[in-house]
Amino acid sequence: MPLDLDQPIHFSRTHRLQWEEAQQKQVILYPEGMVELNQSSAEILKLCDGTRNVAQIVSDLEQKFATAGLTNDVTAFLEVAIQNGWINQN
Amino acid sequence: MAGSIKTNTPPRWLLAELTYACPLQCPYCSNPIDYARYQAELSTEDWLRVLTQARKMGAVQLGFSGGEPLTRQDLPELVKHARDLGYYSNLITSGYGLTEEKIIQLKEAGLDHIQVSIQASSQELNDHIAGTASFEHKKAVAHLVKKHGYPMVLCVVIHRENIHQMAEILAMAEELGADYLEIANTQYYGWAHANRDLLLPTQEQFVKAEAIAQAFKKKVEGKMKIYYVVPDFYEDRPKACMNGWGTTFLTIAPDGVALPCHSARDLPGLDCPNVNDYSIEEIWNESKAFNFFRGKDWMKEPCRSCDEQDKDFGGCHCQAYLLTGDMYNADPVCSKSPHHGVIQDAIDAAAQSSLAANEKPLIFRNSKNSRLLS
């Protein structure tokens with residue numbers, strides 16, 4: 001499923017994003033599996049709440065971390081995320 | 001024994017075998033052959049304590065299994081406690097006895113996913129293998145699981161009696177809308193070991209079925225995830241035993257015995273500890289059983305000098321014990337094992353058995369057979 005740049009993105013209803021105290025990491029949980037996230041991936045996914053599209057996620061992150069030029073990295077990660085079913089659109 | 005306590009990774013996966021009771025009689029059941037000996041079951045309070053202690057150490061994936069976990073009346077209470085603690089909880093069920101009301105009740109309690117097993121793609125074969133008329137109900141349950149928003153995992157155990165149905169099994173998974181399909185080639189422990197001559201497919205059957213499964217995997221990419229459990233008798237390297245002994249997995253048997261893998265109960269001299277006597281932390285870090293095969297000090301040749309020892313940890317100790325009589329041996333699945341010939345012997349014996357005029361019957365998993373065989 002390709003990433004649609006215009007559609008808002010929401011985190012998958014059949015996965016769970018959660019902070020793991022023992023690992024000091026955000027993780028994605030799904031049937032019989034777990035993915036450990038680095039901080040930037042976790043920050044992106046936390047913004048996937050069904051109200052923002054790619055451009056809005058990028059601009060929120062650039063604002064939050066007072067930086068610019070995140071478009072390529074964020075888009076690349078979201079492509080991976082949608083392929084893995086961690087996020088959905090519509 | 002090996003294993004420095006300081007370097008232990010915490011458990012991540014807790015398999016809670018709530019009961020050995022089961023309405024099904026699958027002849028490849030992974031429960032121990034002598035399960036009927038272990039009548040005692042942990043109380044609700046015991047399970048609540050175990051869940052709390054393991055979660056505190058870092059366990060996050062939780063499987064409610066059995067037997068049939070639905071036979072435990074306190075399941076919703078355990079599920080709720082698990083959710084409150086932050087586990088991702090998986091119900092591993094035959095679907096037998098699962099009603100829409102129960103599916104809703106468990107969802108409200110916080111259950112994350114339901115894995116339903118189906119034994120075959122046809123009613124006749126499913127009901128024969130399960131030893132119970134259950135096929136239509138299982139399909140109905142699969143639909144209900146989807147309807148109530150759970151990720152739906154379908155699990156089909158593959159063996160000689162159903163491997164010819166691979167294409168139909170995959171089509172059934174697609175029709176039922178499975179999000180995940182676990183195609184589990186039978187692993188030959190417990191009941192499956194006892195029935196191996198009747199269950200082990202030929203190489204030709206396996207190769208044909210695998211090609212069908214791989215083509216399907218491509219076709220449904222992005223829609224359905226396939227977990228393919230390899231039939232290790234047709235591999236030349238062993239599976240990585242439990243991702244490393246005492247590194248990731250913790251199984252608690254119905255009577256409270258803690259096991260580094262769910263077959264470890266059959267290994268001699270491990271003195272597996274019971275949660276009635278020790279905390280999970282003591283069990284994980286200090287018990288003899290969990291330190292038994294930690295690290296590499298236990299290894300003999302060919303594992304000791306093998307450049308793949310960090311990849312597969314010498315393979316499966318239960319398999320080494322079952323097939324060579326010595327759990328310290330390399331898993332005989334490995335082509336470097338001096339005992340590798342026993343695998344071909346097993347394949348040959350199974351092939352011969354399938355040609356024999358009067359094939360012996362499958363031994364179904366039930367309490368009567370358990371008592372007879374133990």
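Here is how the numbers come out for the structure above:
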read-out	value
Flag for B:Q115 being of a type in the set (S, T, N, Q) and more than 14 Å from every other protein chain (Cβ to nearest Cβ)	no
Strands (runs of 3 or more DSSP E) contained entirely in the range A:1-62, each with at least 3 residues that are more than 14 Å from every other protein chain (Cβ to nearest Cβ), at pLDDT 95 or above and surrounded by 14 or more Cβ atoms within 10 Å (Cβ to Cβ)	none
Residue in the range B:316-323 that is small (G, A, S), part of a helix (DSSP H, G or I), surrounded by 12 or more Cβ atoms within 10 Å (Cβ to Cβ) and at pLDDT 95 or above present	yes
Lone unmet requirement of (1) hydrophobic (A, V, I, L, M, F, W, C); (2) more than 27 Å from B:W191 (Cβ to Cβ); (3) buried (at least 23 other Cβ atoms within 10 Å of the Cβ); (4) touching a Lys or Arg at 6+ places or on another chain (Cβ under 8 Å) for B:V79	(4)
Residue match in the range B:216-234 (condition: under 30 Å from B:V275 (Cβ atoms), within 14 Å of another protein chain (Cβ to nearest Cβ), buried (at least 22 other Cβ atoms within 10 Å of the Cβ) and modelled with pLDDT under 95)	no
Within the range B:159-177, tally of residues that are touching a strand residue (DSSP E or B) at 6+ places or on another chain (Cβ under 7 Å) and either free of Cβ contacts under 8 Å to residues at least 12 places away in the same chain or among the aliphatic types (A, V, I, L, M) (or both)	3
Criterion violated by B:Q309 - all others in (1) touching a helix residue (DSSP H, G or I) at 6+ places or on another chain (Cβ under 6 Å); (2) modelled with pLDDT under 95 satisfied	(1)
Set B:S122, B:S117, B:S43: member being out of contact with any Asp or Glu (no Cβ under 6 Å at 6 or more places or on another chain) and free of Cβ contacts under 8 Å to residues at least 24 places away in the same chain	B:S43
Every residue from the range B:262-308 that is more than 22 Å from B:S337 (Cβ to Cβ), in contact (Cβ under 8 Å) with a residue 40 or more places away in the chain and not in a loop (DSSP other than H, G, I, E, B)	B:R265, B:I280, B:E281, B:W284, B:N285, B:E286, B:K288, B:F290, B:N291
When residues of the range B:57-74 are limited to those that are touching a Leu at 6+ places or on another chain (Cβ under 9 Å) and free of Cβ contacts under 8 Å to residues at least 40 places away in the same chain, the one surrounded by the most Cβ atoms within 10 Å (Cβ to Cβ)	B:L70
Qualifying residue in the range B:93-101 (condition: small (G, A, S), within 14 Å of chain A (Cβ to nearest Cβ) and crowded, with 23+ Cβ neighbours inside 10 Å)	no
Number of the exception - A:G85 against (1) more than 14 Å from the chain's Cα centre (by Cα); (2) within 14 Å of chain B (Cβ to nearest Cβ); (3) surrounded by 15 or more Cβ atoms within 10 Å (Cβ to Cβ); (4) of a type outside the set (K, R)	(1)
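The values are calculated or read from the model by the stated rules, or taken from the named source; none is laboratory data. In this text the structure is predicted, and so the values were computed from the model without any measurement. Using ideal geometry, Cβ is built from the backbone for each residue, glycine included, and neighbour counts are taken over all protein chains shown.
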